[in-house]
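Everything below concerns the one structure shown next.
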2 protein chains.
Amino acid sequence: MATRVICYGLGPIGQGIARLALSRPSITVVGAVDLDPAKVGRDLGEVLGGPPLGVLVSERISALATANADVVLHATGSALARVSGQLTEIMALGADIVSTCEELSYPWTTQPQLAAELDTAARRAGVTILGTGVNPGYAMDALPLMLTAPCASVEAVRVLRIVDAARRRGPLQKKVGAGLSPAAFAAQVAAGTVRHVGLPESLHMLATSLGWQLDRTDDQIEAIIAEREIVTEFAHVLPGQVAGVRQIASGLRAGKELLRLELRMYVGAPNPQDTIEIDGNPPIKLTIEGGLHGDIATAAMVINAVASVAHAVPGLASMADAPLVHYW
Amino acid sequence: MATRVICYGLGPIGQGIARLALSRPSITVVGAVDLDPAKVGRDLGEVLGGPPLGVLVSERISALATANADVVLHATGSALARVSGQLTEIMALGADIVSTCEELSYPWTTQPQLAAELDTAARRAGVTILGTGVNPGYAMDALPLMLTAPCASVEAVRVLRIVDAARRRGPLQKKVGAGLSPAAFAAQVAAGTVRHVGLPESLHMLATSLGWQLDRTDDQIEAIIAEREIVTEFAHVLPGQVAGVRQIASGLRAGKELLRLELRMYVGAPNPQDTIEIDGNPPIKLTIEGGLHGDIATAAMVINAVASVAHAVPGLASMADAPLVHYW
């Protein structure tokens with residue numbers, strides 16, 4: 001029997017999730033929710049630029065209380081404090097939740113009280129909540145974590161993710177600061193607008209899961225400056241301007257760097273890749289040539305996680321303890 | 001509070017598991033079982049070649065009914081039909097089971113009746129049974145499966161594992177046929193003694209988890225012939241003699257190869273590696289340089305899976321649906 005889902009949030013990522021859900025015979029989309037007045041009341045199919053589906057976009061999830069959804073696919077924002085009310089409303093429907101909210105991917109360390117409240121509410125409702133995506137949720141946390149499974153001991157984990165922003169959607173190129181002057185970039189760093197949300201969550205997922213008490217964490221962010229002119233569909237970057245961003249989250253204990261997550265996202269990156277190195281017994285080094293593609297991959301993670309939350313114990317789960325997520 | 005485990009089976013792999021269990025502060029070894037009269041009644045520490053531990057080796061698991069074990073680490077054999085009685089006896093203790101039995105890693109397709117019986121018994125006892133190891137259990141099934149998580153679609157999965165048997169323990173070199181004449185190798189293939197147990201289970205874990213109905217499966221096995229003289233601590237292979245084995249399990253639908261698992265284990269392999277290729281959207285290619293080391297890794301998988309079975313729903317689990325296994 002097909003899994004009944006509601007698509008909550010119809011921005012670019014949410015639309016990608018909805019399209020992928022509609023393409024899967026094992027999933028039936030039984031409802032959609034978005035706050036945007038330009039979308040409310042319209043047919044989901046038309047919002048997606050296709051033929052009508054007979055599913056109207058609701059303004060509130062409570063309007064779908066009788067839709068009998070198994071899972072709600074939630075993609076409305078990155079900040080947990082701003083979406084936790086939505087999650088609570090969804091739980092009232094008795095549906096499991098898979099969300100792209102970056103801060104939900106591992107909130108136990110960064111927002112422990114909110115995490116505990118959501119966990120309690122989810123257990124009470126008998127539902128599972130999971131925050132996932134390609135990053136956070138996979139490339140820099142769950143995959144490195146799973147790579148430690150064959151290790152008798154682990155001393156350190158280092159992850160390097162290089163994304164060529166030129167191959168990605170326009171908003172990402174803007175988000176990484178492509179085309180800004182170094183001064184304008186610095187102002188955006190100060191305002192918090194170029195930061196990749198979720199890197200601290202990835203760091204803490206790894207630290208807690210590996211049983212490591214960190215006594216210091218660092219989160220550095222800096223511009224990568226273009227050395228040559230780079231022209232993409234969405235950006236024109238001159239030498240000396242910003243090509244993108246490099247962000248490093250590290251976790252230390254007694255002065256030793258146990259965890260290092262380095263993310264480089266810039267237009268024209270010549271060697272996109274995901275590399276994971278485990279210092280342990282045995283040592284392991286993994287490389288994914290070309291890297292994992294973020295836009296497709298985040299929608300895919302959400303859809304593929306639907307089977308996982310259905311099989312999980314109730315509560316606030318994370319990719320570190322949920323049943324293995326895979327294509328199905 | 002430390003997890004209480006019993007080590008059941010004290011052959012080379014079982015001893016490696018016991019040593020690793022003893023090295024972890026979060027695990028307490030509360031009992032040991034082995035059939036070998038040379039081990040029964042002796043102190044586990046002495047069997048392991050170290051100082052006494054105050055844990056005597058029992059002949060039967062039923063003698064440990066009051067040991068209050070959380071998990072039994074089971075390493076007595078590869079053939080499920082031969083160890084299923086042991087698993088049933090363990091369940092009577094109310095303990096979860098992590099086993100190295102290769103055929104237990106995914107018995108649903110190859111031995112469906114036995115799988116269903118074990119599942120029913122485990123649910124009734126409220127315990128989880130998991131078969132795992134580095135191969136089967138990880139390198140050629142769970143890891144490729146997890147690598148599909150960021151894929152919107154998957155058309156085919158190919159795995160290539162190359163193991164340099166010269167770097168591994170003597171029994172493995174013997175098992176792969178190193179030093180045999182081609183005729184003697186063919187006789188051993190016919191007798192079933194050089195076959196890697198578990199490759200069909202890995203194939204079916206992938207097929208079922210990905211939702212693929214196969215209409216044909218193949219399992220080929222052939223000798224890799226030495227082109228030069230190879231001398232190791234355990235074997236002396238002349239040119240023209242067998243260096244090791246190449247085994248390929250493939251799964252087809254409508255003439256198309258959807259799954260291909262190729263395992264090469266031979267002395268002197270110049271480029272040991274694990275390579276996984278996903279044909280999908282996005283396509284993914286992963287390489288682990290040097291490959292995952294099997295001997296250490298299998299013991300590590302078992303120990304690391306202890307946390308996973310404790311968190312899993314009761315029943316016969318597999319690495320495809322158990323909570324993510326990782327170092328802890």
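The values are calculated or read from the model by the stated rules, or taken from the named source; none is laboratory data. Just so it is clear, the model here is predicted, and its values are computed rather than measured. Neighbour counts are summed over all protein chains in view; Cβ atoms, including those assigned to glycine, are modelled from backbone coordinates with ideal geometry.
Taking the numbered list (1) buried (at least 24 other Cβ atoms within 10 Å of the Cβ); (2) within 29 Å of A:Ala269 (Cα to Cα); (3) touching a helix residue (DSSP H, G or I) at 6+ places or on another chain (Cβ under 8 Å); (4) not β-branched (Val, Ile, Thr) in turn, A:Ala317 passes all entries but (2). Tell me, please, whether a residue that is crowded, with 18+ Cβ neighbours inside 10 Å, facing chain A (nearest Cβ under 10 Å), under 24 Å from the mean Cα position of the chain (by Cα) and within 18 Å of B:Val157 (Cα to Cα) can be found in the stretch B:236-256. No, because not a single residue in the stretch B:236-256 is crowded, with 18+ Cβ neighbours inside 10 Å, facing chain A (nearest Cβ under 10 Å), under 24 Å from the mean Cα position of the chain (by Cα) and within 18 Å of B:Val157 (Cα to Cα). The residues in the stretch B:12-28 that are small (Gly, Ala, Ser) and within 14 Å of B:Gly49 (Cβ to Cβ) can be counted, and the count is 3.
Kindly check whether there is at least one residue in the stretch A:302-311 that is in contact (Cβ under 8 Å) with a residue 24 or more places away in the chain, outside the structural domain of A:Thr28 (by TED's automatic domain parsing) and under 16 Å from B:Thr148 (Cα atoms). For the stretch A:302-311, residues in contact (Cβ under 8 Å) with a residue 24 or more places away in the chain, outside the structural domain of A:Thr28 (by TED's automatic domain parsing) and under 16 Å from B:Thr148 (Cα atoms): absent. Would you say A:Asp321 is outside any helix (DSSP H, G or I), in contact with a Leu (Cβ under 7 Å, 6 or more places away or on another chain) and closer than 21 Å to B:Val134 by Cα? Yes: the conditions hold for A:Asp321. Of everything listed in (1) small (Gly, Ala, Ser); (2) at negative phi; (3) out of contact with any Cys (no Cβ under 9 Å at 6 or more places or on another chain), the single unmet condition for B:Ala297 is (3). Identify, please: which residue in the stretch A:8-35 is in contact with a helix residue (DSSP H, G or I) (Cβ under 9 Å, 6 or more places away or on another chain) and in a loop (DSSP other than H, G, I, E, B) and is, among those, nearest to A:Val57 (Cα to Cα)? It comes out as A:Asp34. Exactly one residue among B:Thr208, B:Thr217 is of a type outside the set (D, E, K, R), more than 18 Å from the chain's Cα centre (by Cα), closer than 30 Å to A:Ala305 by Cβ and assigned to a strand (DSSP E or B), and that residue is B:Thr217. Scanning the stretch B:53-74 for residues that are part of a loop (DSSP other than H, G, I, E, B) and of a type in the set (Gly, Ala, Ser) yields B:Gly54, B:Ala65, B:Ala67, B:Ala69.
Matching residues to (1) assigned to a helix (DSSP H, G or I); (2) closer than 28 Å to A:Ser209 by Cα; (3) outside the structural domain of B:Gly9 (by TED's automatic domain parsing):
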position: B:Lys39; (1), (2), (3): no, no, no
position: B:Gly45; (1), (2), (3): yes, no, no
position: B:Pro51; (1), (2), (3): no, no, no
position: B:Thr76; (1), (2), (3): no, no, no
position: B:Gln86; (1), (2), (3): yes, no, no
position: B:Glu89; (1), (2), (3): yes, no, no
position: B:Ile97; (1), (2), (3): no, yes, no
position: B:Ala116; (1), (2), (3): yes, no, no
position: B:Ala121; (1), (2), (3): yes, no, no
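Of all residues in the stretch B:89-101, those that are under 13 Å from B:Met319 (Cα atoms) and surrounded by fewer than 24 Cβ atoms within 10 Å (Cβ to Cβ) total 0. Only residues that are modelled with pLDDT of 95 or more, within 7 Å of chain B (Cβ to nearest Cβ) and buried (at least 24 other Cβ atoms within 10 Å of the Cβ) were counted in the stretch A:270-303, giving 4.
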